[in-house]
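These notes concern the structure reproduced below.
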């Protein structure tokens, strides 16, 4: 899930002041930002109060199902058409993807109300941790299911670095070194040599900007793996 | 060919010193340090934005050391450059007659003077060592042949006192296999652990140069314990300096003892004088080295 945190209100205020926005519509997100407690109903209502304290009118608000879904968001916009039409600006309490979905769908200035920080695991209620950076070139098979790209603050594929002390990380000193954890877990599983040493990352596999069309796969385009003897698609060929 | 390499291969006990390039373009202080340390050292490490703080580049500063008649160890961290820039600088280093290169990961930018900087770490130190080995074989990291090759004597860092030891030594052996012919260690306080490391690295075909830190004042000890990643001055050594009437002299005496101890268990010493450069010739002489 995409983890967000509240954006500095001074920046939001400056954004709205810059265009002289007196009337604002607020859009939340029923998915990640609701779980992050940054863009669900309670937070949207808090934002409403904050905007009203600034002397602005909130023409309406909504927390749709999921802010980054273009189709769903258009339906949500249709439901609140008049409220959005009468607003000078829209404040979106969702991740950057949700902000852009909104900005594409309405003709009003749209401003971010949150900062998008990482793709997070929900460790427990209200506690999130980044475990994957979506690099497009997964090494978890070699690293015992612990991602060094994400978990090591330097993102080193081979470690530990020289700062490791008693098994602890030099940057985040309250945490175990990711590479110590990887090597321990590999040793426990009897595959100590599996991780070492990993070759440099193929950064070209990180699609930037990311784009994926499932229809391409059906047509056998580049996003699909080449059919080979190990490919699940190759059944009829053998 | 690298004088450092010849000396190590001839079984000589080597001495390396540390030169910090300036923040700015005034090279006078750096030249003075080279003049003091150069004549008593086999080679001089020239640091690369040490501690993730901005300094003039190791590439240019290393060449200054060559021009002054001494041999530098060009340091390259993985922190500030991607694989294109790293290879490009290695090629430049070869044309500038920099024969030794020390490959290190580099401190995280968040601990330096530009904490907003992006840490690059496109390659890690093991991967970069492999790149250097490949360049010595005449190709870049994609396998394309170089017009005019390189002949670097490559080294890496290790910390014989870091636990867990099995992971530490496994890592150092990987670096040796990737092409590290010599290792310079973090500051040594426990010479039994140094002996253990040297034995293991000799088995892997590499030399070990022991880090000696001149702990010139209680303030320096506090700084090391608080700021330097992966380094802690043991209490007995710290109190010896703290309780001395003349901490600098106590630090020099300690360094003399340590160099003497290292002579039996390492292939050389890397003296980190922390500003006491002028004391280094005396430390080496009184430790019994012919300089």
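Laboratory data are not the source of any read-out in this text; all were calculated from the coordinates shown. As the structure is a computational prediction, the values presented were derived from the model and not from experiment. Here the Cβ is made from the backbone with ideal geometry for all residues, glycine too, and neighbour counts use every protein chain on show.
Taking the mean number of other Cβ atoms within 10 Å as a proxy for protection, how do you rank A:47-54, B:167-174 from highest to lowest?
Values: A:47-54: 15.5, B:167-174: 20.6.
Per-residue mean Cβ counts within 10 Å order the peptides as B:167-174, A:47-54.
Normalised by the number of residues in region B:8-53, the mean separation of alpha-carbon contacts (under 8 Å, six or more apart) gives a relative contact order of 47 percent.
Can you sort A:182, B:73, B:19 by how many other beta carbons sit within 10 Å, fewest first?
On the way: A:182 28, B:73 32, B:19 25.
Least crowded to most crowded, the residues run B:19, A:182, B:73.
Working note: Cα atoms of chain B, range along each principal axis, descending, whole Å: 60, 43, 37.
Rounded to the nearest 10 degrees, the inclination of helix B:83-95 to the longest alpha-carbon principal axis of chain B is 80 degrees.
What does the convex hull of the alpha-carbon atoms of region A:2-118 project to on average, in nm²?
So the mean shadow area of the Cα hull is 5.9 nm².
So what's the back-of-envelope 222 nm ellipticity for chain B, counting only DSSP H runs of four-plus at -39500 (n - 2.57) apiece and dividing by all residues, rounded to 500?
Numbers: 11 runs with 123 residues, N = 291.
That calculation yields -13000 deg cm²/dmol at 222 nm.
In peptide A:162-174, how many Cβ atoms from other protein chains are near each Cβ within 10 Å, on average? Show your work: numbers first, answer last.
Details: counts 17, 12, 9, 8, 5, 4, 1, 2, 8, 7, 2, 1, 0.
That works out to 6 on average.
Estimate the FRET efficiency between residue A:18 and residue A:188 by the formula 1/(1 + (r/R0)^6), using the beta-carbon distance for r and 56 Å for R0, to the nearest 0.05. Once the sixth-power term is evaluated, E becomes 0.50.
Roughly how far apart, in whole Å, are the Cα centres of region A:161-210 and region B:159-198? After rounding, the separation between the Cα centres reads 18 Å.
Applying 1/(1 + (r/R0)^6) with R0 = 22 Å to the Cβ-Cβ distance of residue B:166 and residue A:173 gives a FRET efficiency near 0.50. If both residues of a DSSP beta bridge must be in region A:2-118, then about 20% of such bridges are antiparallel.
Enter the Cα centre distance for the pair region B:215-268 and region A:68-82, rounded to the nearest angstrom. If you average the Cα positions of each part, the centres end up 67 Å apart.
The mean number of Cβ atoms from other chains found within 10 Å of a Cβ in peptide B:162-169 is 5, as a whole number.
Please compute, for peptide B:103-115, the average count of beta-carbon atoms on other protein chains lying within 10 Å of each residue's beta-carbon.
Going residue by residue through B:103-115 and averaging, the value is 3.
To the nearest whole percent, what portion of all C-alpha pairs in region B:73-168 is separated by more than 15 angstrom? Provide the component values of the computation, followed by the final result.
Details: 2850 of 4560 pairs.
The proportion of pairs with Cα distances above 15 Å equals 62 percent.
What is region B:168-291 by shape, rounded, prolate or oblate, if you read a ≥ b ≥ c off the alpha carbon gyration tensor as root eigenvalues and call it rounded for a/c under 1.5, prolate for a/b larger than b/c, and oblate otherwise?
prolate
What angle, in degrees between 0 and 90 and rounded to the nearest 10, separates the Cα long axis of helix B:218-227 from the longest principal axis of the Cα atoms of chain B? Approximately 40 degrees, to the nearest 10. From the mean inverse distance of alpha carbon pairs (Kirkwood) and the Cα radius of gyration, derive Rg over Rh for the protein assembly as shown. Here Rg/Rh amounts to 1.07. For chain A, the longest principal axis of the alpha carbon atoms and the long axis of helix A:178-188 meet at an angle near 50°.
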